[in-house]
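To start, the structure itself, in structure tokens.
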Amino acid sequence: MTEAQRIGRQTEDVSNEGVLQAGTPLVLKVERATYGPDSIAHAQDGKTVFVQGAVPGDTVEASVYQDGPSFSRAKVTRVLEPSPDRVDSPCPFADVCGGCPWAHVSYEAQLRAKRGNVVDSLARIGHLDRDRAESLVAECVAPGEPWGYRNKVELAFQRVRGRAVVGMHDASGTGVVKVDRCLLLQTRFQKLVKATSGALSYLSNSHALQIDRVGIRASKRTGNVEVALWTAPGPFPRAQAAKILGDATGASSIVRVLTKGPTKARRVTGVERLSGAGSWSEQVLDERMTVSAPSFFQVNTRGAEKLVSLVLDGLKPTEDDVAMDLYSGAGTFTLPLARRTAWVDAVESYGPAVRDLRRNLERAGLSNADAVGGDAGREFPDSDADVIVVDPPRAGLAKDVVEKLSRQPARAIAYVSCDPATLARDIGRFEALGTFSATSVTPVDLFPETFHVETVTILTRQNA
């Protein structure tokens, strides 16, 4: 009896009892990827198993670490037969760091899986006919290389036996892995990870500091590098931090972001400039954009440019159009719309992003846009739009916003989404109201080596 047969016999015996105890060894044929870090397999009794560390097509030995009534979770202990889509990752930390759960999946397979996840969400959650979903969703677009694409990474901070450890979240999400580089960051800036973590370890141990997290933003187009320290308010060695981090990284901006509240709901109460510009700039197509540390900005600049191109191609704005940009952020879509239309109503709820947007419009010399701060539903523009962009957070659109958008006379809406599930739900809501219907869905891979995918959906008037 082979080792795989022996483990398989044990699995069958345990499965027949209906219980998978923690540590139970399983032999699994991994079937497909999920919208998440794990892949799906089925035990002998048909029970779904989410498998950590597997590639679709693998046959693996896995150990159960969680068992529930409808599914189990297991972690790969050995690959018995590798999938044709399994590759060696160039990152030496891929198996312990949580940042690249798909690092062992070939890039072609990643693109197929991301498109498949979008199609599946439209059919299951949006209740679109599967054939229609297949026809709507284009192939997943790869705007750049699968490594070295990020303009931002975040470092985690943890104290272990009184000493500071600065690095990446581990695969379990509970610890921190020390790394000397991140291969997702643009190549010329990858050493910033080691420089920053070393400087902060020294600073934190010397001053017994507690840091929530650290953001590093870097642009090869503008040369800007910013290090942002997220901390609670209170005493802080500002001069020493600026000196130590500046010497180690050569950053053009070093800031401290002050936050209050519980871990999962902290709010920004202020930003202190420790040295340099106090902000970070990036070039997106023809626009130079300045972003403060708390503001959202796409981590993949070439990917952001592809999103803009898809939105403009889908909406075809004209110089007589009135445009609407909801969840506008710092202006990724507002600025190019303002250059092509008569007027843009932009709404953004996050205060720092609103300030960044107003500053970017002023710097660009654009006076035909109104940047309003507030919730998109409460501050919904009272003008009639010809073209509309919505780029909501992961939670998607509130039901009342879908209803208000459906009452607009616009000829088209471009919906930029970072979550296939909420996108599918909202497309279902639009189509149930009967005014707008999805005519194209284009997945864009802004996040290679992960399961995340961005999409641009064009909805057009059904009576157009």
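Throughout, read-outs are computed from the coordinates displayed, never taken from laboratory work. Everything numeric in this text was worked out from a predicted model, so none of it was measured. Note that we place each Cβ from the backbone using ideal geometry, even for glycine, and neighbour counts take in every protein chain shown.
Over segment 244-301, the reciprocal of the mean inverse Cα-Cα separation, the Kirkwood hydrodynamic radius, stands at 13.1 Å. Averaging the sequence gap over all C-alpha pairs within less than 8 Å and six or more residues apart, then dividing by the number of residues, gives segment 98-190 a relative contact order of 26 percent. Label-to-label distance, A138 versus R213, with points set 7 angstrom from Cα along the beta-carbon direction: 3.1 nm.
The charge dipole of segment 318-366, taken about its Cα centre with unit charges on the Cβ atoms of Lys, Arg (+1), Asp and Glu (-1) only, comes to about 280 debye. Within the straight-line cut-off of under 17 Å between alpha carbons, the aspartates and glutamates reachable from K178 are D95, E154, D170, D212, sequence neighbours fewer than 8 places apart in one chain being disregarded.
Charged side chains reduced to their Cβ positions (Lys and Arg at +1, Asp and Glu at -1) give segment 152-282 a dipole of some 100 debye around its Cα centre. Classify segment 152-282 as rounded, prolate or oblate, taking a ≥ b ≥ c as the square roots of the eigenvalues of its Cα gyration tensor: rounded when a/c is under 1.5, otherwise prolate if a/b is larger than b/c and oblate if not. Verdict is rounded for segment 152-282. Candidates V137, G98, T341 compared by Cα position along the dipole of the chain: farthest toward the positive end lies G98, with charges placed on Cβ. Which residues does the label zone of V271 cover in segment 224-240, counting backbone N under 12 Å from a point 7 Å along Cα→Cβ? In segment 224-240, the label zone of V271 (backbone N under 12 Å from the point 7 Å along Cα→Cβ) covers 226-229.
Look at the Cα gyration tensor of the chain: its axes a ≥ b ≥ c give a/c of at least 1.5 with a/b at or below b/c, and that counts as oblate.
Counting charges near D445 (Lys, Arg +1; Asp, Glu -1) among other residues having Cβ under 12 Å from its Cβ returns a value of 0.
Between T263 and D400, the modelled labels are 3.3 nm apart [label points 7 Å from Cα along Cα→Cβ]. Multiplying the residue separation of K178 and N205 by 0.36 nm and subtracting their alpha-carbon distance yields 8.2 nm.
For the chain, averaging the sequence separation of C-alpha pairs within contact (under 8 Å, six or more residues apart) and dividing by the residue count gives a relative contact order of 12 percent.
For the chain, the share of DSSP beta bridges that are antiparallel, to the nearest 5, is 70%.
May I ask which of K75/K220; K264/K316; K152/K243 have a Cα-Cα span longer than 30 Å here? Over 30 Å apart, Cα to Cα: K75/K220; K264/K316.
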